[in-house]
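What follows is a set of notes on a single structure, which appears directly below.
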Amino acid sequence: MTDLQQLEQQFHFRYPELYHRLYADGMLNWGTAGPDWISRQYPLLRQDPPLLLFANDFELMPLDDIRSQMEEFADPDYWMRIRPGLLFVPFAGNGAGDLYCFLVTEKTADDIPVVLFWHDANRASYLARNLQDFIFRTMLEAVTVVDTEDYGLLPTKGFKEDLQRFLRTHRPYLKERQWQRLTTVYNRESATKFILDEQELMALLEEEAGWTLWNGEFPYQQTS
């Protein structure tokens, strides 16, 4: 039994098949967190980027951390007071305490929505219909204009080469059309690593993966 299957058994859910593939392929391994991660481990990971290495505000969670967080979510005395019937399965964080989660409660077939669970507010934001669309969206956001040039793990110097590595390692987990769209965007000429603006990003998402819940929100806490 794999570590993923143990989590599934403990908390009575099923990960998307794509997540199992990523796990089996070693794509969920970002190395071991520590003070020398950026100097020793990141240069090696950069050559064959694991899942969403170059994404903005994205840090994969170790499985032990996922288990601990889910045990807290399941505790009826947990301070966040999550409504009964809501099952969040975290898989990453944004570095500020908020969590990227599968919203298992709204599973349809193999589509499990990905949401951002805000830790300091009673809200969760819909990010994608499923994991595949979330990967597509997040890879686009990696080259979308943000406030500072040095934002994230995608360096300005050599970013074109990094983008090609990003495309190569993630191609097996995207629809062919998504990969082609990303290839077209990543091959644009740009003086910086930012190729898209927010308006074009949302237009691409609507065209490629039309979904009525993009960026919608809902409360997750019990009110009484």
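Throughout, read-outs are computed from the coordinates displayed, never taken from laboratory work. Model, not experiment: these values are computed from the prediction. Note that we place each Cβ from the backbone using ideal geometry, even for glycine, and neighbour counts take in every protein chain shown.
Using the Cβ of Ile82 as centre and a radius below 13 Å, the other residues enclosed give a net charge of -1, where K and R count +1 and D and E count -1.
How far is helix 63-74 tilted, in degrees, relative to the longest principal axis of the Cα atoms in the chain, given as a value from 0 to 90 rounded to the nearest 10? Rounded to the nearest ten degrees, it is 40. In terms of other Cβ atoms within 10 Å, Asp120, Asp48 run from fewest to most in the order Asp120, Asp48. Its Cα centre serving as origin, the chain has a Cβ charge dipole (Lys and Arg +1, Asp and Glu -1) of approximately 560 debye. Of the beta bridges in the chain, as assigned by DSSP with both residues counted there, near 95 percent are antiparallel. Counting every other Cβ atom within 10 Å of each residue's Cβ, Asp75, Asp98 order from fewest to most as Asp75, Asp98. By the beta-carbon count within 10 Å of each Cβ, the least crowded to most crowded order of Ser190, Ser39, fewest first, is Ser39, Ser190. With a Cα cut-off of under 27 Å and a minimum spacing of 8 residues unless on different chains, the lysine pairs in the range 3-218 number 5.
Under the rule a/c < 1.5 gives rounded, and otherwise a/b versus b/c splits prolate from oblate, where does the range 96-204 land using the Cα gyration tensor? Here the range 96-204 falls in the oblate category. Where does helix 159-170 land angle-wise versus the long Cα axis of the chain, in degrees 0 to 90, nearest 10? Value to nearest ten degrees: 50. Rounded to the nearest 10 degrees, the inclination of helix 131-141 to the longest alpha-carbon principal axis of the chain is 40 degrees.
Excluding the site residues themselves, the longest part of the chain lacking any GluC sites (Glu not before Pro) in a DSSP loop with at most 13 other Cβ atoms within 10 Å is 1-148.
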